[in-house]
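K.L.:
Dumping the structure here so I can ask a few things about it.
The values are calculated or read from the model by the stated rules, or taken from the named source; none is laboratory data. Fair warning: this is a prediction, and the values are worked out from it, not measured in the lab. Cβ atoms come from the backbone with ideal geometry, glycine included; neighbour counts cover every protein chain shown.
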Amino acid sequence: MSDVQFEASIIERVAAATGPLQICGRGSKRFLYGRDIGDYLPVSMHRGIIDYQPSELVVTARCGTSLAQLNEALAERGQVLAADPPQFGGDGTLGGAIAVGLSGPGRPWYGALRDCVLGVRLLTGHGEVHSFGGQVMKNVAGYDVARVQVGAHGTLGVVLAASLRVLPRPAVEATVTIDASRADAHATVVKLGRRPLPITATCWVAEKLHLRLSGTDQGVAHALDVVGGERGDASIWSVVRDHRLPFFDTHTGLALWRISLPVAAPFPDIAGEWLVEWGGALRWCRTTADAEHVRALVAALGGHAHEFSAPAGFARVDALVGTYQQRLKHAFDPKGIFNVDRVPGMG
Amino acid sequence: MNALERARPALQKVLSAGSLIIDPIAKRPYESDGLTAIREQPGLVALPASVTELKAVLAVCRAFDVPVVPRGAGTGLSGGARPQKDGVLLGLSRLNRIIAVDPDNRVAVVQPGVRNLAISEAAAPHGLFYAPDPSSQIACSIGGNVAENSGGVHCLKYGLTVNNVLGLRVLTIDGEELVLGGATLDAPGFDLLALMNGSEGMLGIVTEVTVRLLPIPAVKSVLLASFASLESAADAVSAIIAAGIVPAGLEMMDQVATGAAEAFVQVGYPLDAAAILLCELDGEAADVAGQRLRVEAVLNAAGAVEVRVAANAAEGDRMWYGRKAAFPAVGRLAPDYYCMDGTIPRAKLASVLRAIADLSAETGLGVANVFHAGDGNLHPLILYDANSPGQLDAAVSMGERVLALCVAAGGTVTGEHGVGVEKLDAMCGQFDAPTLTRFHAVKSAFDPRGLLNPGKAIPTLARCAELGGMHVHGGALPFPDIERL
């Protein structure tokens, strides 16, 4: 089916909708949501790269393009999707990644997915298709509606295609592993974070701190001397990103929390097991602690918590922000067709 | 008695004497921002000294239906802070407190009137800096940077304002305070932070900004390459990126600009080059040394006539000094210049620069190009003499054609200066009516009565229809029920 045909069919579907529609990619992140509401609106067949100019550091692809395919195409030209969104179950589409808005282990250094979205083609609840943003990095024409789609969970419309900034793959990468308690590892990453070192990922799990260093030969060699430790296995980064460690197993009866905190904030007093990424800014916790208690402790430290293992367990916005979110939702989807109950943060 | 006159006693009541400017002479400095060609005497100027006073001003304006035009340091280049004669010009320059610099969390929390450079200065003792550095950074305020999503010479590596702001406190016109993000790397809910950046003060008034701080690079290295043609310089830009290098800055100046800069500040620029590139690399010493070798090789392979590597920081600063002085230097070539700001894909640099040169030949107006080549962000400076009849109009008309070239090349009408009032017409060419309607709906979601900075950033459909830029499909105007004047 051509782009024109696909868009015509989906516009018709949306325009004719009398009830809610649920936008479906490949369902790899379905577990994040609550009950199914509305008819399925499948988009995963709308796939493939539309335009890729390596010298522009920009790729434009249809929403149903799998992340694996996108990564492969970029790798062929020595480039990467720097935000490195997770591929749960080894699966996932570009559209799904944008809807959920999660970024990989390199986020503090390479930017989040929202940072690299330059433009989107968006189908709104009015049955209209718009281009917001564009294919260039610097662009301040009009409100930044493209970036707002990242993490909007498809509630503002269907992202039909998106343009993303990509980055050259570093010439050299090295992973090192250091034995460290949680407290020592935290102090180390906070201290290292203040220095201009080519660190591009950190993860503390099971009493070990893993660091990724990226850059030129000379730069990485120097940084290896500074940070010390043993040479480690680079596969840790995709394993952590895609939740393939036993730590992330959600069938244990323990709740898995995704906790976002200022990098140097102390650990909230929650009994459980921890995994710490992003130089301290992202902390995962497996615990039996009471959900509201977890949220309150984290909020008191200036952070927010998402009960990742619970359907619709997202971190919440306050009532006032919620009001404006609903108004924004109304501006793009006045009939409330898309992804009902998924406006993020509404508890 | 108009709304503003009715509101005046209430404003006098909530503001101390020095915080409300009524005298026409004293209001004059507020008639324009950095786009001085567009002026208007503001009805009243309010300069609240605290967030409490700011809230009170908004409450009065809301009660009396008085438009509010926010203003930072007034350095904006698109007329985003152009006042209204029946409105309040809300100056935020007195909210200039650095609330906190938190080196371990690598954030600074500041009020909107804090100058961009002051943040980096406050962070420097901790070995940290705030990355976005618009050329006006010595004077421009962080609140204005958020409003315009300002860029600078280091965007290529470090991103724009939106990529470096982690949190905002925003007052809506209804006086409600939205707390968006904070010191964390993400925030729950819709990314309203992204929406606020670049919204030109039309959705709310920023009262507090949390910015991300980065470690100051250990080493900077500057290279200057000269080229015999604009095309080869432009191709070298793409070649550097294609080689997998993301420099901290990658700037181009054409011969007119280098000549002007050299005459002004004598930094040793090659005057026979058709264009020069300035490339800055930063990071750890070893990393930078490795990158520098690769950049030199790429520049030579791309046909550079000469590649100079700054031997030390002082020489690097001197190379930059000419670039930073380029705008005032070009100002000496003609009585006036009109600074444009469009972005195009890098691959189109050579062809668009050529087309701009053709326009220059056609109109007889000189053009100097000094710009952020790595980002494809053009700043053609169109030279004219406002005292010569017709020249301002000719410059503006040529500017519109330059922006049309940018859109046709797959780019945008503004890379970093914002739309303000300057580019309202150009917006009609970039966006169709339904998309503009969605933008207006975003505005209404935050400010349904349209009191905040009315008439900026997004053109009305009527305006576009008048211009003839409306996308008419099959002979039918979109939204036939909307009245067009």
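Yes/no matrix, rows are residues, columns are (1) closer than 18 Å to B:P270 by Cβ; (2) in contact with a Cys (Cβ under 6 Å, 6 or more places away or on another chain); (3) within 14 Å of chain A (Cβ to nearest Cβ):
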{"position": "B:D287", "(1), (2), (3)": "no, no, yes"}
{"position": "B:N312", "(1), (2), (3)": "no, no, no"}
{"position": "B:E315", "(1), (2), (3)": "yes, no, no"}
{"position": "B:G322", "(1), (2), (3)": "yes, no, no"}
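K.L.:
Would you say A:R283 is charged (D, E, K, R), in a helix (DSSP H, G or I) and either more than 14 Å from chain B (Cβ to nearest Cβ) or surrounded by 21 or more Cβ atoms within 10 Å (Cβ to Cβ) (or both)?
P.N.:
No.
K.L.:
I need the strands (runs of 3 or more DSSP E) fully contained in the stretch B:169-255, keeping only those with at least 1 residues that are basic (K, R), under 30 Å from A:V321 (Cα atoms) and facing chain A (nearest Cβ under 10 Å).
P.N.:
Passing ranges, in order: B:205-212.
K.L.:
If you go through the stretch B:395-417 one residue at a time, how many are facing another protein chain (nearest Cβ under 10 Å) and under 17 Å from A:G119 (Cα atoms)?
P.N.:
Here the count works out to 10.
K.L.:
Checking A:L328 against (1) in contact with a strand residue (DSSP E or B) (Cβ under 8 Å, 6 or more places away or on another chain); (2) buried (at least 22 other Cβ atoms within 10 Å of the Cβ); (3) assigned to a helix (DSSP H, G or I), only one condition comes out false. Which one?
P.N.:
If we test A:L328 against (1) in contact with a strand residue (DSSP E or B) (Cβ under 8 Å, 6 or more places away or on another chain); (2) buried (at least 22 other Cβ atoms within 10 Å of the Cβ); (3) assigned to a helix (DSSP H, G or I), just (1) comes out false.
K.L.:
I want to confirm something. Restricting to the stretch A:45-73 and keeping residues that are among the polar types (S, T, N, Q), more than 14 Å from chain B (Cβ to nearest Cβ) and surrounded by fewer than 20 Cβ atoms within 10 Å (Cβ to Cβ), which single residue is nearest to B:I241 (Cα to Cα)?
P.N.:
Restricting to residues being among the polar types (S, T, N, Q), more than 14 Å from chain B (Cβ to nearest Cβ) and surrounded by fewer than 20 Cβ atoms within 10 Å (Cβ to Cβ), the top hit is A:N71.
K.L.:
Follow-up question, since we're still on this one. Restrict the check to the stretch B:273-280 and report whether at least one residue is assigned to a helix (DSSP H, G or I) and surrounded by fewer than 21 Cβ atoms within 10 Å (Cβ to Cβ).
P.N.:
no
K.L.:
Among (1) surrounded by fewer than 21 Cβ atoms within 10 Å (Cβ to Cβ); (2) assigned to a loop (DSSP other than H, G, I, E, B); (3) in contact with a Leu (Cβ under 8 Å, 6 or more places away or on another chain), where does A:L197 come up short?
P.N.:
So the condition that A:L197 fails would be (1).
Conditions tested, residue by residue: (1) within 7 Å of chain B (Cβ to nearest Cβ); (2) part of a helix (DSSP H, G or I); (3) closer than 16 Å to A:G101 by Cα.
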{"position": "A:V120", "(1), (2), (3)": "no, no, yes"}
{"position": "A:H130", "(1), (2), (3)": "yes, no, no"}
{"position": "A:Y143", "(1), (2), (3)": "yes, no, no"}
{"position": "A:P170", "(1), (2), (3)": "no, no, no"}
{"position": "A:E173", "(1), (2), (3)": "no, no, no"}
{"position": "A:V176", "(1), (2), (3)": "no, no, no"}
{"position": "A:A183", "(1), (2), (3)": "no, yes, no"}
{"position": "A:V189", "(1), (2), (3)": "no, yes, no"}
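K.L.:
Looking only at the stretch B:279-312, count every residue that is among the hydrophobic types (A, V, I, L, M, F, W, C), modelled with pLDDT under 95 and in contact with a strand residue (DSSP E or B) (Cβ under 7 Å, 6 or more places away or on another chain) and tell me the total.
P.N.:
Of the residues in that region, 2 qualify.
K.L.:
Yes or no: B:G303 touching a residue at least 12 places away in the same chain (Cβ under 8 Å) and surrounded by fewer than 17 Cβ atoms within 10 Å (Cβ to Cβ)? Spell out how you get there, then give the answer.
P.N.:
On the way: touching a residue at least 12 places away in the same chain (Cβ under 8 Å): yes; surrounded by fewer than 17 Cβ atoms within 10 Å (Cβ to Cβ): yes.
It is true that B:G303 is touching a residue at least 12 places away in the same chain (Cβ under 8 Å) and surrounded by fewer than 17 Cβ atoms within 10 Å (Cβ to Cβ).
K.L.:
Quickly run through the stretch A:7-61 and pick out the residues that are farther than 27 Å from A:E307 by Cβ and charged (D, E, K, R).
P.N.:
A:E7, A:E12, A:R13, A:D39, A:R47, A:D51, A:E56
K.L.:
Of the numbered conditions (1) of a type in the set (S, T, Y); (2) in a loop (DSSP other than H, G, I, E, B); (3) more than 24 Å from A:V239 (Cα to Cα), A:T60 satisfies every one except a single condition; which is it?
P.N.:
The number of the failed condition is (2).
K.L.:
Please work out if B:V413 is under 25 Å from B:P83 (Cα atoms) and either among the β-branched types (V, I, T) or at pLDDT 95 or above (or both).
P.N.:
yes
K.L.:
Return yes when A:A264 is at the interface with another protein chain (Cβ under 10 Å from one of its Cβ atoms) and in a loop (DSSP other than H, G, I, E, B) and no when it is not.
P.N.:
yes
K.L.:
Then there's this: Within the stretch B:67-99, track down each residue that is over 20 Å from B:A17 (Cα atoms), assigned to a loop (DSSP other than H, G, I, E, B) and more than 20 Å from the chain's Cα centre (by Cα).
P.N.:
B:P67, B:Q84, B:K85, B:D86, B:R97
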